[in-house]
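Scroll down for the structure; my scribbles are underneath it.
The values are calculated or read from the model by the stated rules, or taken from the named source; none is laboratory data. Just so it is clear, the structure is predicted and the values come from calculations on it, not from any experiment. Every residue, glycine as well, gets a Cβ built from its backbone with ideal geometry; the counts of neighbours run over all protein chains shown. Each accessible area value is taken on the protein alone, full model and side chains, heavy atoms only, with ligands, DNA and RNA left out. Shrake-Rupley method; radii C 1.70, N 1.55, O 1.52, S 1.80 Å.
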Amino acid sequence: MRALLAYQLKSNYQLADPSILKHFNRVYLQDSTRFGLPEQLQNTYPCFGGCGATSGAQIQFVYELKSHQICQMELSAAKRNEAHRSINNHWLGKGDLILRDLGYFTSQGFQQIIDK
């Protein structure tokens, strides 16, 4: 599944000017999406609620743009927000760039990136 998705992304996504990436060792794109599930799954996939939903899941996705590798693809209960994913940046290294939306913003996450 991962290999097929990585192939699809690589073959369908082209940068207008790939030379802009030469300044970085790796370029990560990170995001997540949430979706509702049937009520019968609320014990396995609980969610925050809202909109009448009692069950939901989220997919967390990290893609490395230069190598076209999927670094993380995880399905979990939709019980936590994106900010908790910004704290453990063990896979980031010096010279890397990570692009993510403001949902990942935490002071602690930025400090970890600065420290690397």
(request) Specify the residue that is surrounded by the most Cβ atoms within 10 Å (Cβ to Cβ); the eligible residues are those in the stretch 56-86 that are at pLDDT below 85 and charged (D, E, K, R). (result) Arg85
(message) Whether any residue in the stretch 87-96 is at pLDDT below 90, out of contact with any His (no Cβ under 8 Å at 6 or more places or on another chain), among the aromatic types (Phe, Trp, Tyr) and not in a strand (DSSP E or B) is what I want to check.
(response) yes
(request) Any chance you could count how many residues in the stretch 57-87 are within 12 Å of the chain's Cα centre (by Cα) and not acidic (Asp, Glu)? (result) 16
(request) Considering each of Thr44, Thr33 in turn, give the residue that is at pLDDT 85 or above, within 17 Å of the chain's Cα centre (by Cα) and more than 25 Å from Gly95 (Cα to Cα). (result) Thr33
(request) Report, ordered by the first and then the second residue, all pairs with beta carbons closer than 7 Å, sequence separation of six or more or different chains, a first member in the stretch 91-116 that is open to solvent by 90 Å² or more (accessible area, probe 1.4 Å), and a second member that is among the hydrophobic types (A, V, I, L, M, F, W, C). (result) Phe105/Ala83; Gln108/Ile87; Lys116/Leu92
(request) Provide a single number: the residues in the stretch 22-55 that are open to solvent by 50 Å² or more (accessible area, probe 1.4 Å) and not in a loop (DSSP other than H, G, I, E, B). (result) 11
(message) When the residues of the stretch 19-30 are narrowed to those that are among the hydrophobic types (A, V, I, L, M, F, W, C) and out of contact with any helix residue (DSSP H, G or I) (no Cβ under 8 Å at 6 or more places or on another chain), which ends up nearest to Trp91 (Cα to Cα)?
(response) Leu29
